[in-house]
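Comments concern the structure below.
Derivation of every value follows stated rules applied to the coordinates shown; laboratory data play no part. In this text, all values refer to a predicted model and were calculated from it rather than measured experimentally. Reconstructed Cβ throughout: ideal geometry from the backbone, glycine too, with neighbour counts over all protein chains shown.
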Amino acid sequence: MSSGNPESTVGGNEMGDEQDVNVWDVVVVGAGPAGASAAYAAAVAGRRVLLLEKAELPRYKTCGGGIIGPSRDSLPPGFDLPFKDRINAVTFSLNGKYVRTRRSRTMLFGLINRPEFDAQLVEHAQKAGAELRTGVTVSRVEQHGPDVPDRRTVAVVLQDGETVLARAVVGADGSASRIGAHVGVKLDQVDLGLEAEIPVPETVADDWRGRVLIDWGPMPGSYGWVFPKDDTLTVGVISARGEGAATKRYLEDFIARLGLAGFEPSISSGHLTRCRADDSPLSRGRVLVCGDAAGLLEPWTREGISFALRSGRLAGEWAVRVAESHDAVDARRQALNYAFAIKAGLGVEMAVGKRMMTVFERKPALLHTALTGFRPAWNAFARITRGSTTLGELVRSHPMAGRVLSRFER
Ligand SMILES: Cc1cc2nc3c(=O)[nH]c(=O)nc-3n(C[C@H](O)[C@H](O)[C@H](O)COP(=O)(O)OP(=O)(O)OC[C@H]3O[C@@H](n4cnc5c(N)ncnc54)[C@H](O)[C@@H]3O)c2cc1C
């Protein structure tokens, strides 16, 4: 529980002198990895934090659950990763052809189930002092108007009409973000991911243990994956939004080709991913956005958990400063500091990811050949997944890699 527990409901009850007591320092909207990290960071700094989530937890989220090095490194201290498998081999194929498996002596990345992983993150935020309310959908935020008692306060309006007050708000409400719309997030790339959770017999599960499959798909920028998790395979595909029928067909063909069509999925679902435009805002007034809500995602692989954890942590830390700001100028300065921290880190990684995506869209066979036939490319892939380097660092420290990218981008 939080150190203070503001009676934060207005509308009917008197605000008067008790106004400050009724205002949370930070309200976080959405309890995915971004929101849980933001709530953790603000709570650990000793602030009164309220985390609002529309679902009941644990909740399902369409996601491969791939945890690469940067995700592992961004978890709260003492977090015990609930791995369902540890991966040290990758089978690559080019739309089902030219199949080749690459192996590594050490673990490349791990796989988790999102309901369990996300719930554990929320527990850490709660242990740090954040208060959680589930089953509440945020309709909108207001920074002016009758529900906002003063210029230092944001009103968070819930679907049932209740209003919660905060000194700062973090929008971490995912890829259909209402808070992102309030901030005016602009997008460069929107993709649709489709997934099936397929329970399989032990013999099939054994065949996949420790190994994932990545298939470069038939539509530009598309790819498919098989991620094994004990007795269930997470099989998915992702492609540009607007090609829904072709993406669905790709998933069906992919599943059939793998000989998995005879097994009934326990869950079939879809979800959008989105990447921000370079000039997209990351805040408005006292409201910051992070994770999918801000369009923070690696554009090529659509890896988003590490982006959510890292941006969530920063948003929580800077929301504390915004909450402390006594005027609009100072709040704006702190929000700009948040934007600067994001752009200097995740922004650089996204820019290189965008370039990789351009090459991949144009020349998937080239990328496939490099990863399966050119050891330095495989080693780079392995080092990135382990977290010993990043795409951005690679291009910075190997000018040759940058030149190769530029050549194939054209
Ligand atoms: C098919 C697919 C596979 C993927 N695989 C991977 C992978 O293997 N590895 C990886 O790193 N990334 C992967 N990603 C990306 C990753 O899932 C996301 O980037 C990540 O979930 C973003 O976290 P988040 O906290 O920003 O948003 P979310 O995890 O979407 O959390 C947002 C939360 O906000 C809540 N919410 C939404 N609206 C409201 C509201 N109005 N009021 C209150 N609560 C609200 C939601 O219920 C949800 O709990 C994948 C994405 C897709 C679509």
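Odds and ends about this structure:
- Tilt relative to the chain, helix 33-44 - C-alpha long axis, 0 to 90 degrees, to 10: 40
- Reachable lysines from Lys84, criterion Cα separation under 24 angstrom, eight or more residues apart if same chain: Lys61, Lys229
- Gained length - Lys97 relative to Glu252, 0.36 nm times residue gap less alpha-carbon distance: 54.2 nm
- Proximal aspartates and glutamates to Lys54, defined as alpha-carbon separation beneath 19 angstrom and excluding residues fewer than eight positions away on the same chain: Glu116, Asp118, Glu123, Glu131, Glu142, Asp160, Glu162, Asp173, Asp292
- Kirkwood hydrodynamic radius of the range 221-287, from the reciprocal of the average inverse Cα-Cα distance over all distinct pairs: 14.5 Å.
- Peptide packing for 155-162, 350-357 was compared via the average number of neighbouring C-beta atoms within 10 Å per residue; ordered from the highest value, the list is 350-357, 155-162.
- Straightening the chain between Arg333 and Val404 buys 21.7 nm, computed as 0.36 nm per residue apart minus the Cα-Cα spacing.
- Descending semi-axes in whole angstrom, ellipsoid equivalent of the chain, from the Cα gyration tensor: 39, 23, 18
- Rounded Å value of the spacing that divides the Cα centres of the range 357-380 and the range 267-287: 28
- Loop sites here are chymotrypsin sites (Phe, Trp or Tyr not before Pro) outside DSSP states H, G, I, E and B with no more than 15 other Cβ atoms within 10 Å. The longest part of the chain free of them is 80-373.
- Tilt relative to the chain, helix 328-342 - C-alpha long axis, 0 to 90 degrees, to 10: 10
- Those GluC sites (Glu not before Pro) in the range 15-90 that DSSP places in a loop and that have at most 13 other beta carbons within 10 Å: Glu56
- Full extension of the chain segment joining Gln159 with Glu142 gains 4.8 nm, where the gain is 0.36 nm per residue of separation less the Cα-Cα distance.
- Label-to-label distance, nm, for residues given as Ser266 and Leu57 (7 Å Cα→Cβ offset): 2.1
- About the Cα centre, charge dipole magnitude for the chain (Lys/Arg +1, Asp/Glu -1 at Cβ), debye: 2240
- Against the chain, whose longest principal axis is taken from its Cα atoms, helix 244-257 shows a tilt of about 50°.
- Note on the chain: antiparallel DSSP beta bridges, both residues inside, total approximately 70 percent of the bridges counted.
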